[in-house]
Amino acid sequence: MWNMVVSYFPSWEVLFQALVVVAVPFVLSQMMSKTKDKTEENAEQEDKKQTPQRDFTGKLDHDLSQVRAVFGQQVDVNIRTFCLGNTTQQAAIIFINGISDRELIDQHILKSLMGDLALSGNEQARGSSVPPYTKHYLKNHVLSIGIIKEVDRLSDLSSELQRGHTALFVDNSNSTVIILGTRKEITRSAGEPSSEILVRGPRLGFNESICDNTTLLRQHGEPANLMIDQLRVGQRVAKELSIAYIKDIADDSLVQEVRNRIERIGLDDIQDTGYIEQLIEDNFLSPFPQVQSTERLDRVISALMEGRIAILLDGTPFVLTVPTTFNMLLQSPEDYYERWIPGTLVRMLRYFAAFVSTFGPSLYISFISFHQGLIPTKLALSIADTRAGVPFPSLIEVLVMEVALEILREAGLRLPKPIGQTIGIVGGLVIGEAAVQAGIVSPLMVIVVAVTAISSFAIPQYNAGIALRILRFIAMIFAATFGLYGVVLFFLLLCSHLAKLKSFGVPYISPASSYQLQDWKDFFVRMPFKLMKQRPKMTSAKNPLRKK
């Protein structure tokens, strides 16, 4: 009987199959409906993101109240309301005193919108209670300003006003504000750069205006293929930045890499290209500058012709060029203005001066403290006689003189020019003579420090000289610890660091590594121009041959 009853009911397998057939479509339908709802919700959010949220309504009173709430009671922010021509349609301009050109505002904005518009012969507009003028009509038929654009965000309006531009509000118009280019340029004349003085060569350098600097590049460079891309840097205080390169020479990947690194800068304010230099370099722990900064126009144009990139920032005369190699920091534009033989000799002299500036005191310490046997007998006896009354070891002796010299150097830079030069020269002589008379240092030590200081002055780039001055103290510690072996060890560590260092993908000690024989024509030796028909291979220039 029980078997008969059980036979009328399906087995467990049949029940499970029936459950799967019924439940799976239901679950899938629920999941698809949730996915569809979520997709629609995401699409709505994306539409909201893509739809610009405008801060202005086109109503003059409402828009001006928003502006007053942002700028408060700032005395240098001027808000001037008026009527357009002979109509009752109201308008207003906003500008900041000092950085906006008042004459340009009076003659080309207010006079055009109030006086010239009233005399334009538009009889339909005169006395009409309906505002007849649109922003499109004012931009294309009334305003005689070269730079005109529209913004719809309050933050963009604030940024434009701080740059010296003028904002024009028109009542009962669309929800945008007209920005008029009325920036007042306060610049100095382009003169000879004070930080890079040459005996022979152009006397033209950059100033603080990015417009003047880009104009100089176009006037003295190649205007046809010179590309200048504009960016904005600074989250709070936005400044104009330009990337300059020769279109048919510079590598596209290098240009894009420079642009990407600059776009990642997120500081509130960029006061100088020194900020950018520190934020785009490959290795911030290295003492060597991986970006070259210069005030000289001829140096920047030469870099562009080799396929490099120039970075210009508004408000500073220093222009950055990338990629940079170590030999560029020891080269001077004057190497190419003189004949190749004297240019080569002077360049080799700079390499020797860089070596003396870095290793001069450390070699003195190693020979005096550890390897007296390597010194000629008569010279060793003379040195021993002069050091007879010195109470300090050679390391302390060198540190005292080097620190005193660095303090004098810094003091000379911060004082006014007539006083600073006197303090640097007289102070060094007085302190050196007094130290010798007091028996604190030996006369030979004063000579070594003086030669080291003079050698550091022979380096053309100031920031490269700073790097070598830092390394000088590290080399002194190695020499005081291990003697001449320490100097050699430090030299090998320095070479290994330079071999690994790169600037925008280019080895820092190119063309020594990777070895490129063609580029050695302008490395230690400056060969004649007839033999330098190719651009440096390290920059991967599109056009490797220089124009004949």
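Quick note: the coordinates plus some simple rules give every number you see, no bench work behind them. All values derive from a computational prediction rather than experimental measurement. Cβ sites come from the backbone with ideal geometry, for glycine too, and all protein chains shown count toward neighbours.
Listed values, structure above:
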read-out	value
Estimated FRET transfer efficiency when R0 is 25 angstrom, pair Glu192-Tyr337 (beta carbons, to 0.05)	0.95
Computed magnitude of the charge dipole of the range 437-532 (debye, nearest 20; Cβ of K, R +1, Cβ of D, E -1)	160
Net charge dipole size for the range 163-315 [Lys, Arg +1 and Asp, Glu -1 on Cβ; Debye, nearest 20]	340
Cross-link pairs Lys247/Lys521; Lys139/Lys184; Lys247/Lys542; Lys149/Lys247; Lys502/Lys537 - those with Cα-Cα distance over 19 Å	Lys247/Lys521; Lys139/Lys184; Lys149/Lys247
Other-chain or far-sequence residues with amide H under 5 Å of Ile309's (modelled H)	Val322
Relative contact order of the range 223-368, pairs being alpha-carbon contacts under 8 Å that are 6 or more residues apart, as %	21
Inter-site label distance for Arg232 and Gln534 at 7 Å from Cα along Cβ, in nm	4.5
Selection from Leu399, Tyr462, Ile431, by position along the positive dipole direction of the range 373-496 (Cβ)	Tyr462
Net lengthening on full extension, Gln73/Cys495 (0.36 nm per residue, minus Cα-Cα)	145.9 nm
Proximal aspartates and glutamates to Lys530, defined as alpha-carbon separation beneath 15 angstrom and excluding residues fewer than eight positions away on the same chain	Glu338, Asp519, Asp522
Distance between modelled label sites at Arg259 and Ala434, nm, 7 Å Cα→Cβ extension	5.9
Dipole magnitude (debye, nearest 20) for the range 179-242, charges at Cβ of Lys, Arg, Asp, Glu	200
Shape category assigned to the range 277-365 from the gyration tensor of Cα positions, a/c cut at 1.5	oblate
For the range 133-149 and the range 505-548, distance of Cα centres in Å	52
Inter-part distance where the range 78-99 and the range 290-364 are each reduced to a Cα centre, Å	52
Label-point separation, Val525 to Arg546 (7 Å along Cα→Cβ), nm	1.7
